[in-house]
Every structure is written in C-alpha cells, then in structure tokens.
Amino acid sequence: MQEIYDEIVKVMNNGDTASLATVVSTKGSTPRSSGAKMLVKGDGSITGSIGGGCLEADVWQVCMDVIKEQKPKLLEFDLTGREENASGLICGGIIEVFVDPVISTPTVFIFGAGHIGFAVSKIAKIAGFRIVVIDDRPNYANKERFPDADEFVIDDIAQAVQSLSINRVSYVVIACRGHLEDQEVLEQALKTDAAYIGMIGSKKKVKTIFGSMKEKGFTQASLDRVSAPIGVSIAAETPEDIAVSIVAEMTDVRRGKSGSSAKKANKRQAADE
C-alpha cells in the first residue's frame, strides 16, 4: 500500500496524470476485499492490484477514461461465472470500485513582482492555483507585498527558470520589468513542458521579441505555444483587469477548453491586424 502512496506523490510532484481505483464494497466471493487499491498512470502502468484477471482489465480501461475526463466514477461488477485469477478460481460475488482522478495542484510561476504580478497572484490564488513569485528584488518579492504567494525565488530571473520544477501542470506568466528579461525567461520557458506560457507586451514588443528568437533558431511551432499578447480579449486597462484576463485564459487551459497552438496563433494574428 505504501508503494501506491509513494507513487501518487511522484505523480503530483512531476505533474503526471493518474487515477486511483479502490474497492469500496464486496458481496459474496470476490478476488479482493474492501480497501484494495490500484493506481493507473497516464502511460498505462499499474501499481497495486484489485484482483487481476478480467476485473482488473475492465477497471484499468475505466481508469484510463477517468484520467482523460478528470471525473470520478463508481462502478459495480457482477463476477458470477468469471475467472478472476491465475489459478482459475471462479468468483461469484459483486464488487464496487470507486475510481478517482489524481489531480496535481496547478502552479503559476509569476516572473516579475510588479503590479501585474501582484494582481495575478491574488486572483490566481482564488482560482485554486499555487503561487510562486520570481524576482531578483527581495524588497518586491516578499510575503508582505504578496500575502497569497506560496513560495518566493529571489534570483536572477532568467537563470531561475532553469532551477524551477516546471512541468505539465505549470503555468508561466512573464511580466518582468524589461523586454530583455522577458525574452530570456521566454527562451528558457519554451524548453519546459509548461501547460501554459504567457507574456505581457504590446504587439510591437511581441513582434520584436519573436523576431529575435527566430534569428536564434526558435521555430514558429515553438513560438505558437506562447500566449502573447497574454490573456483573453477584454477591455483591460488596469493591472487588475489584465490579471482577470490572464487567469481566465489559464483556467480555460486548465479545463481543457483552449490553449492549442492554432488558437494562440490566431489570437496573435488578430492582434497584429
């Protein structure tokens, strides 16, 4: 059982996907009793067992569906007449299995502890994100100014990207105080598996930075991962307005409603017109 819990911790730390199947009730002859667990990861690998045989194969398929849909399911299996283990024993009972998705807490990495970063931290926290603020100014990136932040990284902003655990449940918001820093962070962020990468900037700034990055060998496909200008399209003027648009866009990506390269490219094309 401990092996399963250890694996769940790894899944959450690495930003992987998984679902946990638990036998919640049994009646009659069943291969396992209540409490038996099986963890299925997104790659299909299994830790633990709820009895093997056809039952486990059926539950495995449901586990994979739950990983995709991110919604729990309660299942009932009538095992009458089914061979459920290697010994060929016939089970004749009923078993209920609850399958729950293992959901990693999404983390937003805010590069830049300015007004927009502050507003994003407040709204993103309400929306259920873990907050990490990165800046090289300790008098800006601190608990007094950012009471909703879970962690602070006081370091050269561009270099900090390489030391952070940015994975598939990570959201990167680039709002540094200078174009050069923004580009340096963006170049490093594109080397990660971040679910979302957004950068503050005018149309002119985005065009200039992307042009420079293309000269360095970054492909259009890579740049299409970036949401720039950042956020959904609203009549944003204040830092709070901009933060609302950013968190709304991150939430869309989190819920699987948008975030494709094509949509980001279309948004950028519309902004250039």
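The values are calculated or read from the model by the stated rules, or taken from the named source; none is laboratory data. Computed from a predicted structure; not experimentally measured. Using ideal geometry, Cβ is built from the backbone for each residue, glycine included, and neighbour counts are taken over all protein chains shown.
Meeting the requirement of 3 or more residues that are among the small types (Gly, Ala, Ser), the helices (runs of 4 or more DSSP H) wholly within segment 134-253 are 157-163. Residues of segment 6-57 being closer than 18 Å to Val97 by Cα and in a helix (DSSP H, G or I), which ones? Gly53, Cys54, Leu55, Glu56, Ala57, listed by residue number.
All of (1) exposed (fewer than 15 other Cβ atoms within 10 Å of the Cβ); (2) under 9 Å from Ala113 (Cβ atoms) hold for Glu144 with one exception: (2). Looking at segment 153-166, is at least one residue among the polar types (S, T, N, Q), surrounded by 15 or more Cβ atoms within 10 Å (Cβ to Cβ) and within 27 Å of Gly211 (Cα to Cα)? No, that holds for no residue. Taking first residues from segment 124-139 that are within 15 Å of Gly114 (Cβ to Cβ) and polar (S, T, N, Q) and partners that are surrounded by 14 or more Cβ atoms within 10 Å (Cβ to Cβ) and at pLDDT 95 or above, the Cβ contacts under 9 Å between residues at least 6 apart in sequence or on separate chains come to Asn139/Arg145. Candidates in segment 154-174 are the residues that are free of Cβ contacts under 8 Å to residues at least 60 places away in the same chain and hydrophobic (A, V, I, L, M, F, W, C); of these, the one that is farthest from Ile131 (Cα to Cα) is Ala158.
When Lys122 is tested against (1) part of a helix (DSSP H, G or I); (2) over 21 Å from Thr238 (Cα atoms); (3) basic (Lys, Arg), only condition (2) is not met.
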